[in-house]
Amino acid sequence: MRVSQLVTLHDRLPKMRYPRDAPLPIEIPIEVFDIPVHEIRRGYRSDVYFWRAKRTLEKSQRREKATIQVFQKQGAVLCGIEEALAIVILGAGHYRNPTQAFKLFDHLIESKRRIRSLYRADSNRLSKALREKDEISQALDFEWVSNLEEIRVRSLKDGDAIGPWETVLLIEGPLSEFIHLETLYLGVLARRTRIATNVSVVAEAANGKSVFFFPARFDHWAVQGGDGYAASVGGADSVSTDAQGEWWGMKGGGTIPHCLIAACHGSTVDATQRFAETFPDTPLVALVDFENDCVRTSLEVARALGDRLWAVRLDTSEQLVDVSLANNTNGQKQPGVTPELVRNVRTALDNEGFGKVRIVASGGFDVDKISRFENDGVPVDAYGVGSAFMRGNFDFTADAVKINDEPMAKVGRGYRANHRLVERSLTAAKAT
């Protein structure tokens, strides 16, 4: 992705302003995020130096008020703020009796490991282990003291266009209460912003055509919920898994896979018909490159399914040249899904009266390839994009810029005011 595109996007999108008469509560129910509460409180998922800094401040009884400023260094579409707030709400605080809490936490981790080993064991032992884990969790809850009333947060919102070095989040309060959370909220902001920004640039290149978010197979399954939400912030129209749509009420969608065609002995028509019978209410998209002859296969499916067919999807390998292009007289035989291949399929469908059948293009598409297709007027109706959404880096940094309201920062990282920041409510969100 080109940085110039992101800067242009930042300049074009509206700069949001928010009402200041009351703090804005967290906008997504905290339970949606499925945050491992006890693990973030204990510093189990934090860089250990942050956890050790917290313990150092606590042991020396240093409760200086700190102002932590969060930013990143390029134009982007911000995402992850609501999740970061949830981490602060659930994870800011301290233990009444650290020694007792640390022992309980060790038992909790042991309990979780035991439960994982018992899923194939008898149900009685598993039930007992689950009860023990719940009891330990309750004991840890009792040991935790949350002082959210001492912490003030101001932020931009998910979906805001941000500029390089722009302050997106300010956290103020006793540093010992939240210093251990920095690893977590910075990681959330970096990943969610990367996805939202990549999707937004692709959506812009697609000129209003649908963009399908299909990168699930290229990353760990555990990130799907947040990635799907970030994709929606960026402008994606569809996701491929139910988990990717959980946070924003979307269900997974998509076509038939190649393996279903293989299971039907290579018959795309048979596979598509069987799929249509099994899922009669799902928009029917036929995958037409199994035999590397997208024109013929598209016509066969259209003839067999008629008005039931919503679209055909071209997914030709970037190592293959489609049959319809094999006799190209201009001497250029371009592999993969090319403008000429799309036009061949469009012409064939139109000539047989299937003008309502849409064309979905996928396989190696990114912002540059989509831009070329759109600039050339290629008749694509929707784009399926996968690994391109995962590229790039949008790393965030957090700096202490004030201590007890007095400037205190490392050289070059002073406080930068941002009139766009809005006050956020933490205690109200906790009560919900």
### Summary
Given the conditions (1) surrounded by fewer than 23 Cβ atoms within 10 Å (Cβ to Cβ); (2) part of a helix (DSSP H, G or I); (3) in contact with a Gly (Cβ under 7 Å, 6 or more places away or on another chain), every one holds for V233 apart from (1)
### Message
Can you find a residue that is modelled with pLDDT under 95 and buried (at least 17 other Cβ atoms within 10 Å of the Cβ) anywhere in the range 255-265?
### Response
yes
## Note on the structure
Of (1) touching a residue at least 60 places away in the same chain (Cβ under 8 Å); (2) exposed (fewer than 15 other Cβ atoms within 10 Å of the Cβ); (3) among the β-branched types (V, I, T), T278 satisfies every one except (1)
### Task
Name every residue in the range 133-151 that is surrounded by fewer than 17 Cβ atoms within 10 Å (Cβ to Cβ) and in contact with a strand residue (DSSP E or B) (Cβ under 8 Å, 6 or more places away or on another chain), in order of residue number.
V145, N147, E150
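I need a count of the residues in the range 148-194 that are free of Cβ contacts under 8 Å to residues at least 40 places away in the same chain and over 22 Å from F50 (Cβ atoms).
Step one: list which residues in the range 148-194 are free of Cβ contacts under 8 Å to residues at least 40 places away in the same chain, which gives 150, 187.
With the extra rule that they be over 22 Å from F50 (Cβ atoms), the set shrinks to none.
Qualifying residue count for the region: 0.
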### Query
Does the range 287-305 hold any residues that are aliphatic (A, V, I, L, M) and in a helix (DSSP H, G or I), and which are they?
V295, L299, V301, A302, A304, L305
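Kindly provide the set of residues from the range 406-417 that are out of contact with any strand residue (DSSP E or B) (no Cβ under 8 Å at 6 or more places or on another chain) and either touching a residue at least 40 places away in the same chain (Cβ under 8 Å) or among the acidic types (D, E) (or both), ordered by number. Explain how you work it out, then say what you get.
Kept after step one, since they are out of contact with any strand residue (DSSP E or B) (no Cβ under 8 Å at 6 or more places or on another chain), are these residues of the range 406-417: 406, 411-412, 417.
Residues satisfying the conditions are E406, A417.
Just for the range 388-432: of the residues that are among the hydroxyl-bearing types (S, T, Y) and surrounded by fewer than 14 Cβ atoms within 10 Å (Cβ to Cβ), which one is farthest from A203 (Cα to Cα)?
Within the range 388-432, the first condition is being among the hydroxyl-bearing types (S, T, Y), and the residues that meet it are 397, 415, 425, 427, 432.
Still in the running and surrounded by fewer than 14 Cβ atoms within 10 Å (Cβ to Cβ): 427, 432.
Values: T427: 36, T432: 35 Å.
Looking at residues that are among the hydroxyl-bearing types (S, T, Y) and surrounded by fewer than 14 Cβ atoms within 10 Å (Cβ to Cβ), I get T427.
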### Query
Would you call E182 modelled with pLDDT of 95 or more, in a helix (DSSP H, G or I) and at negative phi?
yes
### Task
Could you tell me whether the range 5-13 includes any residue that is surrounded by 15 or more Cβ atoms within 10 Å (Cβ to Cβ), modelled with pLDDT of 90 or more and assigned to a loop (DSSP other than H, G, I, E, B)?
no
### Message
Any residue that is in a loop (DSSP other than H, G, I, E, B), in contact with a helix residue (DSSP H, G or I) (Cβ under 9 Å, 6 or more places away or on another chain) and surrounded by fewer than 20 Cβ atoms within 10 Å (Cβ to Cβ) - is there at least one of those in the range 354-363?
### Response
yes
### Query
Which residues, taken from the range 90-136, are over 30 Å from R152 (Cβ atoms), aliphatic (A, V, I, L, M) and assigned to a helix (DSSP H, G or I)?
L104, L108, I109, I115, L118, L126, A129, L130, I136
### Query
Any idea how many residues of the range 236-250 are in contact with a helix residue (DSSP H, G or I) (Cβ under 9 Å, 6 or more places away or on another chain) and either assigned to a loop (DSSP other than H, G, I, E, B) or outside the structural domain of E204 (by TED's automatic domain parsing) (or both)?
5
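Rundown of residues vs (1) touching a Ser or Thr at 6+ places or on another chain (Cβ under 7 Å); (2) in the same structural domain as A231 (by TED's automatic domain parsing); (3) farther than 23 Å from F33 by Cβ, yes/no style:
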{"position": "L57", "(1), (2), (3)": "yes, no, yes"}
{"position": "T67", "(1), (2), (3)": "no, no, yes"}
{"position": "G75", "(1), (2), (3)": "no, no, yes"}
{"position": "G80", "(1), (2), (3)": "yes, no, no"}
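Within the bounds of the range 214-230, is there any residue that is surrounded by fewer than 18 Cβ atoms within 10 Å (Cβ to Cβ), out of contact with any Gly (no Cβ under 8 Å at 6 or more places or on another chain), assigned to a helix (DSSP H, G or I) and not acidic (D, E)? Break it down into steps so the answer makes sense when it comes.
Step one: filter the range 214-230 for residues surrounded by fewer than 18 Cβ atoms within 10 Å (Cβ to Cβ), giving 217-222.
Filter once more, so that each one left must be out of contact with any Gly (no Cβ under 8 Å at 6 or more places or on another chain): 219-222.
Filter once more, keeping what is assigned to a helix (DSSP H, G or I): 221-222.
Subsequent filtering for residues that are not acidic (D, E) retains 221-222.
Yes, the range 214-230 has at least one match.
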### Query
If you check V345 against the conditions, is it touching a helix residue (DSSP H, G or I) at 6+ places or on another chain (Cβ under 8 Å), more than 28 Å from T197 (Cβ to Cβ) and crowded, with 19+ Cβ neighbours inside 10 Å?
yes
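The values are calculated or read from the model by the stated rules, or taken from the named source; none is laboratory data. Nothing here was measured: the structure is a model prediction, and the numbers come from that model. In this analysis, Cβ positions are derived from the backbone assuming ideal geometry, glycine residues included, and neighbour counts consider all displayed protein chains.
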